[in-house]
Amino acid sequence: MKKNSIKSFRQLVSYAKPWRFKIIIASIYSIVNKLFDIMPEILIGFAVDLVVKRQDSFIASLGFTSVESQISILAICTFFIWAFESLFQYLYSIAWRNLAQSLEHEIRIDAYSHVQNLNIKWFENQKTGNVTAILNDDINQLERFLDNGANDIIQIIVSTVTIGAVFFYISPIIAAVAVLPVPIILFVASFFQKNLEPRYLSVRNAAGSLSSTIFNNLLGIMTIKSFTSEKLETQRISKLSKEYQLANKDAIKLSSAFVPVVRMGVLSGFLGTMVLGGFMAFSGAIAVGSFSVLLFLTQRFLWPFTRLGEIIDLFARSMASTKRIMDLIHTPIEIKDSKNSITLDSLSDDIIFENVSFGYNDDLVFDNLSFRISSNSLIGIVGKTGVGKTTLIKLLLRLYDLQTGSINIGKNNINDITLKSLRENIALVSQETFLFDGTIS
């Protein structure tokens, strides 16, 4: 399942190539914001160093000799750090959210356009509500990941690398103690991600089944009422809703355990830094200001890993949705224009069915059917229900492909005519009524 998640992520990255520049810009904003976000803890170390060492402090060594100038430079630095942190937070928020909206829009339109081009046989084997859930719910789930998840992943990486570098600069020994829980946390995260993905895929499938049944029941509400089957259908919806609830409970039970487990890793790193750093500060091995920086940064270093639970949870849900979306987009289109298909402005020649055989699944409707309809003639085809009257026009429109035989309009096989020009020149008044959403105006 982990391979499926990686595959889904790669498909998403490949799909997002047209937005590569915007992704890079948004990532830069996220990185710069996190760098400014870490700096206040380092300034606290400089402040403690100033109070303890006074004229021997780092700030004094920069040429700020008076107390007023030292405090002033600290205040100015604090102001600009907070200002730039806020600025870049605003910039990355706008960048990621706009990117998420753009990608969400394009992937929904691409998926919907692809669905429209799939053959009728595919629709007969699908639940409409499930397709609707993919085009709406799954794409919305992906948008939620792009809104926040991508930024969170980048900022955790930047925080880990930057704070780790500060730790190793001040004291490699304390850095080793603080970093020790990280591999354990990452192993736990990998375990949770591996086990959460199949659970969330089950959740999305259950949601699709529930949505499909509700959608179909609303379409057939007249039939439900006429057969007084309201109670039966309520029980069916209740059963599917319960399956969706249980699938969610199964995922929640596992995802909720992540943060408490990671907290223990954070605690061990913080205690190690506090105890070892305290002894080293007392012995003079490190400065008091440096110890303050280490103590504050340990929390900043390890605490973001508690958010891995939310990020993994969001990532697992999104990759499950991505898989369903990409599977839909990559569904092959079986009925399409040939390479050398021609466009006709009008179809005014004879229609010729020659040795046509066709059936639905294993039920043969036509077996070597042949006939000719002369141009400019008016004919009627009659017969009992199910003999294939509507099927004839569906074959003429290429809503289905023939099993054997051919259909020609004049000298042109309909397989050699573009679908657009073929269907534009044939009017179908279906026996199935359908009202488009909208108004006459």
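Please determine whether any residue of the stretch 311-320 is free of Cβ contacts under 8 Å to residues at least 40 places away in the same chain and closer than 30 Å to LEU180 by Cβ. Give the steps one after another, and end with the answer.
First pass over the stretch 311-320, keeping only residues free of Cβ contacts under 8 Å to residues at least 40 places away in the same chain: none.
Checked the stretch 311-320: no residue is free of Cβ contacts under 8 Å to residues at least 40 places away in the same chain and closer than 30 Å to LEU180 by Cβ.
Residues that are in a helix (DSSP H, G or I), aliphatic (A, V, I, L, M) and at pLDDT below 75: does the stretch 274-283 have at least one?
Just the residues of the stretch 274-283 that are in a helix (DSSP H, G or I), to begin with: 274-283.
Filter once more, so that each one left must be aliphatic (A, V, I, L, M): 274-276, 280-281.
Add one more test, that the residue is at pLDDT below 75, and what stays is none.
No, there is no match, as no residue in the stretch 274-283 is in a helix (DSSP H, G or I), aliphatic (A, V, I, L, M) and at pLDDT below 75.
Looking at SER338, SER370 in this structure, which one is within 38 Å of the chain's Cα centre (by Cα), surrounded by fewer than 21 Cβ atoms within 10 Å (Cβ to Cβ) and modelled with pLDDT of 75 or more?
On the way: SER370 fails: within 38 Å of the chain's Cα centre (by Cα).
Criteria check complete, one pass: SER338.
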Checking LEU210 against (1) loosely packed, with under 13 Cβ neighbours inside 10 Å; (2) touching a Leu at 6+ places or on another chain (Cβ under 6 Å), only one condition comes out false. Which one? (1)
Would the stretch 136-146 turn up any residue that is of a type outside the set (A, V, I, L, M, F, W, C), on the phi < 0 side of the Ramachandran plot, more than 23 Å from the chain's Cα centre (by Cα) and at pLDDT below 85? no
The condition of being part of a helix (DSSP H, G or I), surrounded by 12 or more Cβ atoms within 10 Å (Cβ to Cβ) and over 28 Å from the mean Cα position of the chain (by Cα) holds, among SER86, SER93, SER72, only for SER72
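Yes/no matrix, rows are residues, columns are (1) crowded, with 19+ Cβ neighbours inside 10 Å; (2) assigned by TED's automatic domain parsing to the domain that holds GLN141; (3) touching a His at 6+ places or on another chain (Cβ under 7 Å); (4) closer than 30 Å to PHE9 by Cβ:
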position: GLU233; (1), (2), (3), (4): no, yes, no, no
position: LYS239; (1), (2), (3), (4): no, yes, no, no
position: LYS249; (1), (2), (3), (4): no, yes, no, yes
position: PHE258; (1), (2), (3), (4): yes, yes, no, yes
position: GLY277; (1), (2), (3), (4): yes, yes, no, no
position: THR298; (1), (2), (3), (4): yes, yes, no, no
position: ALA320; (1), (2), (3), (4): yes, yes, no, yes
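Please determine whether any residue of the stretch 124-133 is under 24 Å from the mean Cα position of the chain (by Cα), under 30 Å from ARG307 (Cα atoms) and part of a helix (DSSP H, G or I).
Step one: of the stretch 124-133, the residues under 24 Å from the mean Cα position of the chain (by Cα) are 126-133.
If we keep only those that are under 30 Å from ARG307 (Cα atoms) too, we end up with 133.
Narrowing further to those that are part of a helix (DSSP H, G or I): 133.
Checking the stretch 124-133: at least one residue is under 24 Å from the mean Cα position of the chain (by Cα), under 30 Å from ARG307 (Cα atoms) and part of a helix (DSSP H, G or I).
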Give me a count of the residues in the stretch 285-328 that are closer than 25 Å to LYS194 by Cα and either aliphatic (A, V, I, L, M) or in a loop (DSSP other than H, G, I, E, B) (or both). 11
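Within the stretch 245-256, is even one residue assigned to a helix (DSSP H, G or I), closer than 26 Å to ALA316 by Cα, small (Gly, Ala, Ser) and free of Cβ contacts under 8 Å to residues at least 40 places away in the same chain? Outline the logic, then answer.
The first filter runs over the stretch 245-256 and keeps only residues assigned to a helix (DSSP H, G or I), leaving 245-255.
Checking the rest, the ones that are also closer than 26 Å to ALA316 by Cα come to 245-255.
Next, from what is left, pick out any that are small (Gly, Ala, Ser): 247, 251, 255.
Checking which are free of Cβ contacts under 8 Å to residues at least 40 places away in the same chain leaves us with none.
No, that holds for no residue.
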Tally of residues being assigned to a helix (DSSP H, G or I) and either touching a residue at least 60 places away in the same chain (Cβ under 8 Å) or in contact with a Lys or Arg (Cβ under 6 Å, 6 or more places away or on another chain) (or both) across the stretch 165-178: 7
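The values are calculated or read from the model by the stated rules, or taken from the named source; none is laboratory data. All of these numbers come straight from a predicted model, not from anything done at the bench. Glycine gets a Cβ as well: all are built from the backbone with ideal geometry, and neighbour counts include every protein chain shown.
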